[in-house]
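Trainee: Got a structure for you, written out below as structure tokens; questions coming shortly.
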Amino acid sequence: MDQNRRGARASYVALTIFLAVWIFMPSTVRRFNREAFTEFQAPGLHLVSKSRDLARFWELKSRSSEEMALAGRDLARVNAALELKLASLDDVRRENTRLREITRYTVPADYMSVVARVATRDSSSWWNRIVIRKGRNDGIRPGAPVIFGNSVVGRVTAVHLTTSEVDLVTSPGFRCTAFLEGDDQNSIVLINGLAGNSLRTPQARISVIPNDYSTGTLQSPKAFTTGMGGVFPSRLVLGTVDLDSKATKPGSSFKEGRLNPSRELYNLQEVSVLVPLHQNPGEALLQGDQFQ
Amino acid sequence: MGWAWLIMLLATYPWLLGADLASDVLARGGFVVFISGVCIVAPCRRLRPIQAIPFAACVGFLFEARRPIPDGVLAFTLVAISIFLTANKPLLRNAPGLLRGAIISNTLACTAWAAATALALSTTEAPSSNSTLTHFALQVALAALIGAALYIPISLVQNYAMDRIGVPPAADTP
Amino acid sequence: MKEELPGKVLPSTPIDRLRLYGVFFFFAIGFIYVSVGLGFRQLVESGKLKAVSESQSRRIVILPPARGRIYDRNGEILVDNRARWSVKADLAALQKEFRAEYLKLLAAEKAREAATLDREKLQENARKYVLQRWLDKIWFVIDETNKSAKSSRIKVPAVTSPGERFVSIDDLRKHLRERRPLPYTLVTDLAFPGTGQALSPQDGMKAVARFIEQFPVDGPIRLESDIIRTYPHGTLAAHVLGYVKDSDELPPNVEDLADTKMDSLQKLQYSGKKGAAGIEETFDTLLRGNSGWELWSKTSAGYNQNRLKVSDPQQGSHATLSLDWRIQAAAEGALSKIRDPQGTVLPGAAVMMDVHTGEILALASQPTFDPNRLADRVTNTYFKEIDDAGGWLNRSIQGLYAPGSTFKIITAIAGMRNKVVDWDDILDCGPSFRVGNRDFPEHEPAGYGQVDLEKMLAVSCNVWNYQVGLRTGIDKLHDEARRFGLDTPLLKTPGDTENNYKEATALPYPADKRLVVPDPAYKLKIGGGAWTPGDTANLAIGQGYLLTTPLHMACVAASVARNETRTTPYIIHDLRGGTHPGAAPIGLTTAQYTALKSGLERCVEEGTGKTGKIPGLPYAAKTGTAEYFKDGKKAHLAWMIGYAPAKDPAVAFCVLIEGQLDTNTWGGKTAGPVVKEMLETWWPIAVKVNLEEKPDAAR
């Protein structure tokens, strides 16, 4: 046992030395270490996610034919309605193209859309993340916006070979600009994931709301992306806005609010990553940065 | 026997993956099912320090890899705990001791990463609000609870694996 | 642990036990020492220590309030506060980077084996390089997006001021000396860097959005937003609105913080603003609001630690001006079109006011300035640019000019009231008129022949006025001019009438004591000698010593339109829609007044003001061309005053252009187009308002 003690003392000394070395180690080494452990876990995550898909498949397969028939009928109805809408959209699209030609408007920012399955979700006070089953091999790059339908899910923060981590809208590491519905002046507001909310649905903070903004008759006004920052395309839904009178200082020039992201955010099965075709400067900065 | 720790890691990994899946379920409430601290207790009781230390470091790095925790914080905390545990094996000589060890090491490790993360992120997001502190406390309490609840099943699997690869039983087993 | 373990594991010996007690004893002594010491400090010395720590470790940070808005009469925002986004570096978080950079520099310096090792300098350089690297990153994000955007519609913000691109070592030194605990500002105004003015608001917002979305969230670089004064219409009504400048004056409610001793750092973060001209200055106390403050504890290194107490700032009250921004814009636009051969805008002023209420609808002065560029950092070059052009002077209320022929209205009224002439008297007016031994000329070489009141007003006959002026006499003429208030200061300061904003029409520094309606005593006083009949003749056509402002002449026109002698102008809009308090009637017979009005109408229809004629809107005016001396040589002022419409006057106006030596400035010809543009803008607005108010009248 005494031997054990002596060994322990030596181990503590070794640990201290190693810790000191670790702190001054180039960040590439640490990044490599991180990367290695992530890749080690990737097959497990894939496996889990795929078995979940399989379970879902069998669950659906076990449905009775009556149920299927009912669902089929419902779908047919939805389909018919969508057909109608599509026809009317055709006109709009044509008009849009015509106007673009007249004004010689070039559509900025082209994206490549990558559809990805969600492997796991993970959240705490300090992060709100999902891991998706697509990675560097599929062309995903850090900083790319992640959407579902027309609402924003978050942004890719780290990319590995076959998996990527996505910071959700509610993650403290998430920041973007938005326009609020019902604001005629189109002032830019700041959206920031909010830390520290326990046992409540996560929210994001909206700050720098102009003082004269009020929700008016709108029940729950939406917040949209501005499309100005060069990351998110414009007019994607970020969530609904709650003005927070408690967080707003009386007499201050800005209001504060809370953003409630869409409910699906925590039940997502599949998302699309919009990878910009041209690398934006923020990405270039990220690559040379010690963060990540 | 030098690779015993790696085999142990593989044997423990399903549990870590399972914890991730459980975290997935709790994600809406913002909690992480944290078991890294529990996982190192049983191996520390039987493995030699030279084996237990890399095992603990790997368990730590696995948890850190996909989360914005400052590099190495959890890994080194676990290593420190494992050094202590291997040096004081008598503490783990009976069931209550083991359970206590599991709870304490899980709580300590959880506190370490949560505090480190909060400090690292405080430049942009001040951890000022009471709700952050409450959440912190709840997360740590959850870790303690999980330590108590999951120690026995995890250690059963780990002990089985150690038996299979021929790790000698703990010297002072009553 | 030792004592918990059974003897089997660790052999327990008496020596061990003794050692154990020793250790226990040692710790016990230590514990007692600490607790007794702590108790002593807490209980006995607490008062003293508290005072020491409060003065040493606390700090007040003052939070400036948002100023009130300024609206025009229709609720259009003339002055607002906009969000300004600034990028700041948290110096405390950068300490590590500073240190690393310093060590690197030090190593390099040592390797060079430099004779003297200036560590201070190295430290400064290290800080500068680190901050510069971060600044480069910020601009990289903003600039590169511009480059990669394929659409050519996105303009690259022209950052002219190097201050926003490079870290200045002097600034940094000053910051560390005076406000070390606060984050260092890398970019003051991300949207409109350097200039404080909009390239286009859209481009500015893009820069902000790019930074927000692309710059890493973690790290020592922070984004802060505050409120800055903004003038959305740029130069519009700049003289009326004024601008704001930094102020170090502590607001009164902060000085009252009696419970805290404030150290020398008390003014940290205090960059309060105060109005520096126009409404911003005169209504400063109302617009300013109340400052808030934060009480912080600080670390031993002098950085802020915890926020102990907060008092929130309160926004100032809003003000609604009587101006109509559309008419104001038209007036300024028309004035800026009048240029000399070199293309420089001629100095000028334009006033339009509501005849019935006295509210000023437009009060323009050229050249002007952009208050946006003065709202934050004023560059010396811009200050000088305005100064050289004479842009600080609000010519409509501060410029003193001889009114020229527009004064003939008063001469005529004086003549008729003193019964030396009547509306239908016909005077013989040749090409000149001899007073004493000097010939006073007519501006028409052939003369006008038989002239009555109406024709005089239409053609602006000088000789008629010489005769009537001389017949009336200087005393009566002088009295009449004073009766119309030509030398009465028009704008009261808010201090005079604190409780009635309606009364408080003030703009700062209006012309007051320098207004001149001359009489023999005045001439003697300024050393001009005895009064001669020639002086009277000169005064009769608005020349000589007479000095007044365009606003005064607009008031004369408004008074004539109402058949009264005085009009009090207001710049604050009366939301209750009150009418003018009224004044003494002019005192002409109906026939005389009718003839006066029709003469003014004929001036536009067929006389000197016909360049300003508007089909479908008959109005009344009197033009004037006054001589003044510029650099010892004769130049001309172009005047035009009047009211519209001719039949049922609603607005009165006055336009003045300062001709230069090389310009051909001529009464109606020069000023007419400005009047025309103002009225053409006003007319549709008035018709629309009328229709809304009396829908029946439309049918």
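Trainee: Net charge within 9 Å of residue A:122 by Cβ-Cβ distance, Lys/Arg positive one each and Asp/Glu negative one each, not counting residue A:122 itself?
Mentor: +1
Trainee: While we're here: I need the fraction of alpha carbon pairs in segment A:27-112 separated by more than 16 Å, rounded to a whole percent.
Mentor: More than 16 Å apart: 78 percent of the Cα pairs in segment A:27-112.
Trainee: Working from the alpha-carbon coordinates of segment C:97-137, get Rg over Rh, Rh being the Kirkwood radius.
Mentor: When Rh is taken as the Kirkwood radius, the ratio is 1.03.
Trainee: In terms of the ratio Rg/(2.2 N^0.38 Å) built on C-alpha atoms, what value belongs to segment A:65-107?
Mentor: 1.92
Trainee: Please give me the summed charge of the neighbours of residue B:43: other residues whose Cβ is under 14 Å from its Cβ, Lys and Arg +1, Asp and Glu -1.
Mentor: +4
Trainee: Hey, another quick one. Report the full-extension gain for the segment residue A:81 to residue A:56: residue separation times 0.36 nm, less the Cα-Cα distance, to one decimal in nm.
Mentor: Separation in residues times 0.36 nm, less the Cα-Cα distance, equals 6.2 nm.
Trainee: Kirkwood hydrodynamic radius for segment A:52-157: how many Å is it when counted over pairs of different Cα atoms?
Mentor: That comes to 18.5 Å for segment A:52-157.
Trainee: Please compute the Cα-Cα pair-distance distribution of segment C:325-698 with 20 Å bins starting at 0, giving whole percents from short to long.
Mentor: Going from the shortest bin to the longest, the percentages are 30, 59, 11, 0.
Trainee: Next question. In segment A:144-173, which residues have a backbone nitrogen under 11 Å from the label point lying 7 Å from residue A:46's Cα in the Cα-to-Cβ direction?
Mentor: Counting only backbone N, you get A:161-163.
Trainee: Just list whichever of C:455/C:597; C:408/C:647; C:455/C:476 have alpha carbons separated by over 18 Å in the model shown.
Mentor: C:408/C:647; C:455/C:476
Trainee: How much space per residue, in cubic angstrom, does the convex hull of the C-alpha atoms of chain A take up?
Mentor: 235
Trainee: Applying a 10 Å radius around every beta-carbon, put C:121-134, C:172-185 in order of their mean neighbour count, most first.
Mentor: So the peptides C:121-134, C:172-185, ranked by packing, come out C:121-134, C:172-185.
Trainee: Quick one: if the Förster radius is 60 Å, what FRET efficiency do residue C:513 and residue A:200 give, using the C-beta to C-beta distance and rounding to 0.05?
Mentor: 0.30
Trainee: Then there is this: Give me the Kirkwood hydrodynamic radius of segment B:1-96 in Å, from all C-alpha pairs, to one decimal place?
Mentor: Here the Kirkwood hydrodynamic radius works out to 13.9 Å.
Trainee: Helix B:4-26 versus the longest principal axis of chain B: what angle, 0 to 90°, nearest 10, using Cα atoms?
Mentor: 30
Trainee: Please report the projected area of segment B:4-164's Cα convex hull averaged over all directions, in nm².
Mentor: Result: a mean projected hull area of 9.0 nm².
Trainee: Still on this structure: Which residue, A:12, A:213, A:111, has the most motion in a Gaussian network model of chain A that connects Cα atoms within less than 10 Å?
Mentor: A:12
Trainee: Tally Lys and Arg at +1 and Asp and Glu at -1 over the other residues with C-beta under 13 Å from the C-beta of residue C:432: what net charge comes out?
Mentor: -2
Trainee: Quick one: work out Rg over Rh on the C-alpha atoms of segment A:2-61, Rh as Kirkwood radius.
Mentor: Ratio of gyration radius to Kirkwood radius: 1.38.
Trainee: Using 32 Å as the Cα-Cα cut-off, could you pick out the over-long pairs in C:121/C:274; C:384/C:630; C:206/C:337; C:523/C:633?
Mentor: Distance filter (> 32 Å) returns C:121/C:274; C:206/C:337.
Trainee: Points 7 angstrom from Cα along the Cβ direction at residue C:180 and residue A:267: gap in nanometres?
Mentor: 5.7
Trainee: A further question on this structure: Could you check the simple spin-label distance between residue C:475 and residue A:115, using points 7 Å along Cα→Cβ, in nm with one decimal?
Mentor: About 10.4 nm, to one decimal.
Trainee: Just from its helices, what would the mean residue ellipticity at 222 nm be for chain A, if runs of 4 or more DSSP H residues each count -39500 (n - 2.57) and the sum is divided by every residue, rounded to the nearest 500 deg cm²/dmol?
Mentor: -12500 deg cm²/dmol
Trainee: For segment A:17-109, which chymotrypsin sites (Phe, Trp or Tyr not before Pro) are in a loop by DSSP, counting at most 14 other Cβ atoms within 10 Å?
Mentor: Those satisfying the criteria are A:105.
Only the coordinates and a few stated rules stand behind these numbers; no lab work does. Being a predicted model, the structure only gives us computed values, none of them experimental. With ideal geometry, Cβ positions are generated from the backbone for all residues, glycine too; neighbour counts draw on all protein chains shown.
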